[in-house]
Amino acid sequence: MTDFYQMAKEFPQFKREEIDEFIEQFNSFDLDRSGSIDEDELIKVMKQLGEKMPAFKIRMMIKEVDIDGNGEIEFNEFLQLITNIRSGKTDQQKGFARIYNKQSSVIKLKGATDSSTHSFADDEKESFVNFINSTLYNDPIVKNRLPINPENMDIFEELKDGIILCKMINDAIPGTIDERVINTKKLNKFTKVENQNLAINSAKAIGCNVVNIGQSDIEEAKVHLLLGLLWQIIRIGLLRRISITECPELYKLLEDGETLEDLLKLSPDQILLRWMNYHLKNAGSNRRAKNYTTDIMDSEIYTTVLNQIAPDECSLSPMNTQDKGQRAELMLQEAENIECRKFVSPSDVVRGNPKLNLAFVANMFNTRNGLGEIEIKEMPVIEEEDREARTFATWLNSIGCEPFVTRFYLNLRDGLILLQAFDHITKSNPNCNVSVNWNKVAKNPRNKFQALGNCNYVIELGKQLGFSLVGIGGSDINEGHKMLTLALVWQMVRYHVTNVLFKLSKTGRALSDSELVDLVNQKVYEAGKENSISSLSDPNLANSFFIADLCDSIRPGCINYDLLVSTNNEEELIKNANYVISCGRKIGAVIFCLPEDIVEVKPKMMLTIFAALLVLTC
């Protein structure tokens, strides 16, 4: 079976959501799901599009795209065509490129509320709406608005005030938003905008890539953007427990010759594939899952896994049915016996919708993983990542780095994520003359030598940007040296923030820490408030009152001081910090730090908070 995502690694410029869309487009040509598009399939698709062409011209059309010369178009060749179209190397009005564009337009959603040419699947919309209905059905604020009809476009109207988005973010990562900050009564245009800001900036804080999504997109109910944001929020919530720190039993998935580190390197969706294969092996099946598309379309893998994790509730009887659609329905009826019939319909399984099948498997794992309990002596020793590393991982995820960073030090070892981050921060600075040359990058490093080459290039780019990298080499990143990796990524974060601070500087250079402190003190003083700080490590920052004053100075009235407690109690200090962070996001600031960073007065995080707030004054 075709491993689409493995092939896609050769094209790091495409995000995961784009790859999912390309898989859907590719499958609309690959009628027999063989993993390649042949002449007969192209003829059938063209006939459906009303196109007539002699056979020799169709063969010429395939030849234009067929890199390996086998007479068929594989997925990697399909992606190369899209790359060439986007770069202008291929005329999209000629040959297979023209047919690709025409076919893509056919699978756009009918009935969208805007004139966008972006595509999304109606079944995904219905699945997400059903999930919202089941997740928030008992929420005191929104339950009177539920259920939302999944069969029409009501969801996009319901999302416009930002409340449901905020609630779903808190379901994905509990405690992200202090819900006292959400405007819920007598909403007007201004209070809705605040909710929209809170949703967007909180989504960034949990690692959603919302680079191209703004508050106005929610207000205008941009269908494709809202659906993409919803999927990211739901995906993060479903996958957050798919880790060995959350579920130590996962160590049972180690294969012969592997170490715990090998398992930690896997992304959550890769772990889920291995989890299914573990149960398939135990069942004596020769089937294995390599993807969430072609491998699961016949429902046999799902039926077998369900029977393994719940033998008393889920039978193998669906296997007796030959029709794939009927078998999928029977399999889902078995899944319903353990209350995990969510996200997919029979057609989603048969057509191999990658997003919804990933969600279905994640929900199945979270419902019942079937790995059994482990004894204390079996418990693997797992070193918890420090909070700074987790914060930087969230920043990397929020700017669109792929794959999603779950284990900071391990995930950065091949240099690819850091190179994507460099690409982002340099392109976001119009005055920067440094850029990533992707021709120098091993896009799918197959050995340590290639990974080390990428890491060396990371250091080279850092030096070109003036980073202080004395004593830091590519090998340190490749070997996961914690202190040195943090030092590099902090400078990347600071550079990103510095682009903002240039706007605040009157000297034409980035603000120093002391100048930044003077600036925030001045802003608070001018608003008639009495609090001030001496430095980014001033212990008075721990109670959050100064940050609250800064927020209120920038947007008068945004702070309800009755909700802040003057105390040394750590629990109350955390509440204060979470409140001011949520208020900052509500007025438009992009804040990545955690409440604990404020209570412990982490100078690096203080810098990012103040910069994020001050940019609102520019």
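The values are calculated or read from the model by the stated rules, or taken from the named source; none is laboratory data. Since we're looking at a predicted model, the values are computed, not measured. Please note: Cβ atoms are built from the backbone with ideal geometry, for glycine as well, and neighbour counts cover all protein chains shown. Surface accessibility is based on the protein's heavy atoms, side chains included, excluding ligands, DNA and RNA. Shrake-Rupley method; radii C 1.70, N 1.55, O 1.52, S 1.80 Å.
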Förster radius 41 Å - calculated FRET efficiency between Asn101 and Thr184, Cβ distance, rounded to 0.05: 0.40
Inter-centroid distance (Cα atoms) of the stretch 396-419 relative to the stretch 281-312, Å: 30 Å
Accessible surface of the stretch 489-609 [probe 1.4 Å, protein heavy atoms]: carbon and sulfur percent: 47 percent
Debye log10 I(q)/I(0) at q = 0.17, 0.18, 0.23 Å⁻¹ for the stretch 45-84, Cα point scatterers: -0.50, -0.56, -0.82
Sparse-neighbourhood loop sites, chymotrypsin sites (Phe, Trp or Tyr not before Pro) in the stretch 462-543 - DSSP loop, at most 16 other Cβ within 10 angstrom: none
Percent accessible area from carbon and sulfur atoms, the stretch 41-90, protein chains only, probe 1.4 Å: 52 percent
Net length gained if the chain between Leu254 and Asp122 were fully extended (0.36 nm per residue, minus Cα distance): 43.7 nm
Accessible surface, 1.4 Å probe, highest first, among residues Phe190, Phe610: Phe190, Phe610
Rounded to whole Hz, the Karplus (6.51, -1.76, 1.60) HN-Hα couplings of the stretch 125-136, x for glycine and proline: 4, 4, 5, 5, 5, 4, 5, 4, 4, 6, 7, 9
Residues of the chain: accessible area per residue with a 1.4 Å probe, Å²: 45 Å²
Those GluC sites (Glu not before Pro) in the stretch 509-618 that DSSP places in a loop and that have at most 16 other beta carbons within 10 Å: Glu530, Glu600
Whole-Hz ³J(HN,Hα) from phi, Karplus 6.51 cos²θ - 1.76 cosθ + 1.60, for the stretch 172-177, glycine and proline x: 5, 10, x, x, 4, 10
Inter-site label distance for Asp262 and Met60 at 7 Å from Cα along Cβ, in nm: 5.1 nm
Added length on full extension, which subtracts the Cα-Cα distance from 0.36 nm per residue, Asn433 to Ala283: 48.3 nm
Charge-dipole axis of the stretch 163-235 as Lys and Arg at +1 and Asp and Glu at -1 on Cβ define it, positive-most pick from Phe190, Ala172, Asn209: Phe190
Whole-angstrom gap from the stretch 249-277 to the stretch 454-506, using each part's C-alpha centre: 31 Å
Accessible area in the full protein assembly, largest first, 1.4 Å probe, for Cys558, Cys340: Cys558, Cys340
Residues Met53 and Leu563, FRET efficiency given R0 of 56 Å [Cβ-Cβ distance, rounded to 0.05]: 0.25
Cross-link reach list, aspartates and glutamates versus Lys324, counting only Cα pairs under 14 Å and skipping chain neighbours closer than eight places: Asp32, Asp295, Asp298, Glu300, Asp348
5 angstrom amide H check on Leu316, placed H, neighbours 5+ away: none
Heavy atoms of Trp395: accessible area, 1.4 Å probe, square angstrom to 10: 10 Å²
Förster-model FRET efficiency, 56 Å R0, Asp518 and Met153, C-beta, rounded to 0.05: 0.65
Accessible surface of Val211 - all protein chains present, 1.4 Å probe, nearest 10 Å²: 80 Å²
Cβ charges +1 (Lys, Arg) and -1 (Asp, Glu), total dipole of the stretch 424-479, debye: 240 debye
Amide H partners (placed H, <5 Å) of Glu74, local residues excluded: Ile37
Calculated log₁₀ intensity ratio I(q)/I(0) where the Debye formula runs over C-alpha points of the chain, q = 0.05, 0.06, 0.08 Å⁻¹: -0.24, -0.35, -0.64
For the stretch 478-491, Karplus couplings with θ = phi - 60° (6.51, -1.76, 1.60), whole Hz, Gly/Pro x: 5, 8, x, 5, 5, 4, 6, 5, 4, 4, 5, 5, 4, 5
Diffusion constant of the stretch 466-618 at 10 °C, which comes from Stokes-Einstein with the Kirkwood Cα-pair radius and 1.306 mPa s, µm²/s: 97 µm²/s
Which listed pairs, of Lys482/Lys586; Lys125/Lys160; Lys290/Lys342; Lys355/Lys575, have C-alpha distances above 26 Å, in listed order: Lys482/Lys586; Lys355/Lys575
For the stretch 360-504, diffusion coefficient by Stokes-Einstein and Kirkwood Rh (Cα), 25 °C, 0.890 mPa s, µm²/s: 146 µm²/s
Theoretical gain in end-to-end length, Asp40 to Gln333 [0.36 nm per residue, Cα-Cα removed]: 101.8 nm
The stretch 231-295: relative contact order as a whole-number percent, Cα under 8 Å and 6+ apart: 23 percent
Inter-part distance where the stretch 198-219 and the stretch 18-83 are each reduced to a Cα centre, Å: 36 Å
Solvent accessible area, Å² - Val517, 1.4 Å probe, full protein context: 10 Å²
Coil-residue GluC sites (Glu not before Pro) of the stretch 187-229, DSSP, other Cβ within 10 Å capped at 16: Glu220
